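Notes for the one structure printed next.
Bear in mind these aren't lab numbers, they're just calculated from the coordinates by the rules spelled out. Small disclaimer: the values here were computed from a predicted structure and weren't measured. Ideal geometry is used to build each Cβ from the backbone, glycine not excepted, and the neighbour counts take in all protein chains shown.
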Amino acid sequence: MSNLSITSVDVNTFPEFDTHKRVLRIEDSASGLLAFISIHNTNRGPAIGGTRYWHYQKEEDALRDSLRLSRAMTYKCAIAEVSFGGAKGVILAPKDGEGDKDAILTAYAKALAELGEPFYTGEDVGLNEHDIQILEQHSNTIVGRPKVGGLPARWAALSVFYAMEGALAMQTGSASFEGKKIAIKGLGGVGIDLCALLEKTGAKLIGADIVPERIERALKNHPTIEIVDSAIIHTIESDIYSPCAMGNEFNKDTIPNLKTKIICGAANNQLTTQEDGQALFEAGILYVPDYVANAGGLISVADELHPLGYSQERVESDIKRIRNTVEKIIETSIRDSIPTGEVADALAEERFQKTYD
């Protein structure tokens, strides 16, 4: 571990800073590891959150991503009512074809033991089942393990499905998907599992992805899906638009082009700014806050740490409650004439006892 360096980062000047507890820069010269771990809040319990493996143009971009994502995890933990606080790991991946990913992940896993407090982490963008197995060999704080609860994608898809039901019920008076047009951007793990859930309901599926193999898989598994270009899927008329790829989907440029009634997807950080939530509200588009809709993945991985051991039945029951949470958020939004995101934030902040010092 002599090549390992863990240093605290001063992030007070970044706009994404939100009373984060700790922000660490981790470097290992031998493996080429460079990563940030942001621990946002541990009022509800130990830190938990995925680790992202992504090629960033600048170090600062990765740092700011970790700040945003860790904050969102705290809110997600509170909304999902799990006894954990929010954190996020972000590994700066080398350019394609460069670097030894297994070596980088091994060094990262070993570094987790040196943090001075537990950080339970697992799969996020850029990591797969093999990668989780590598991490698991060198750390005892890895969750979303293939032999236990499995990767969180299918559980995130299930919570998005229940969140959609809640949004439909509140907007139309019926939770039925029959004949409804659902546009899904991103046909990776969550997106493809969501297609499978929706196909059984009689929904009309529209999909998009930038990876040809994912499109081929979607067409093979779901022959009735209509495939469109990722760049324009948000402009297609739909009953529900479901972003299941990367974040920053909605902003002053994209919102005016939306032709959907409901937004409910698994992507993190869907709104570029808080003002975008207000813009959606004013446009009459019902937005289900991302960290509410995609909380199923967290619920499953957190259950791996349950004192009585992992229970799929308990996980499914807890995820089903997401529909009720969504309905309550929408009900309050309508009653008080404020965006759903603000309602969800206030509920979460009450649960994790946010301080403003």
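The separation of the range 256-295 from the range 106-120, counted between C-alpha centres, amounts to 34 Å. For the chain, the longest principal axis of the alpha carbon atoms and the long axis of helix 212-221 meet at an angle near 50°. Residue pairs exceeding 29 angstrom between C-alpha atoms, taken from K88/K185; K180/K252; K320/K354; K101/K181; K147/K220: K101/K181. Partner lysines whose Cα lies under 17 Å from the Cα of K95, excluding those fewer than 8 positions away in the same chain, are identified as K58.
What is the sum of charges around R314, taking Lys and Arg as +1, Asp and Glu as -1, for the other residues whose C-beta is under 13 Å from the C-beta of R314? If you can, show how the numbers build up before the last one.
On the way: positive: K320, R321; negative: E81, D303, E304, E313, E316, D318.
Neighbour charge sum, excluding R314 itself: -4.
By the beta-carbon count within 10 Å of each Cβ, the least crowded to most crowded order of M246, M164, fewest first, is M246, M164.
Helical runs (DSSP H, four residues minimum) scored at -39500 (n - 2.57) apiece and divided by the length of the chain put the mean residue ellipticity at 222 nm at -13000 deg cm²/dmol. Kirkwood Rh over alpha-carbon pairs of the range 4-138, then Stokes-Einstein at 10 °C and 1.306 mPa s: what D in µm² s⁻¹, rounded to an integer? D, rounded to a whole number, is 108 µm²/s.
With Cα atoms as the point set, the range 153-352 shows a radius of gyration and Dmax of 16.1, 49 Å. Site-free segments of the chain were taken between GluC sites (Glu not before Pro) in DSSP loops having at most 15 other Cβ atoms within 10 Å, sites themselves excluded; the longest one is 238-357. Rounded to the nearest 20 debye, the dipole magnitude of the chain is 580 debye, with +1 charges on Lys and Arg beta carbons, -1 on Asp and Glu beta carbons, and the Cα centre as origin.
Just rank Y310, Y120, fewest to most, by other beta-carbon atoms within 10 angstrom.
Y310, Y120
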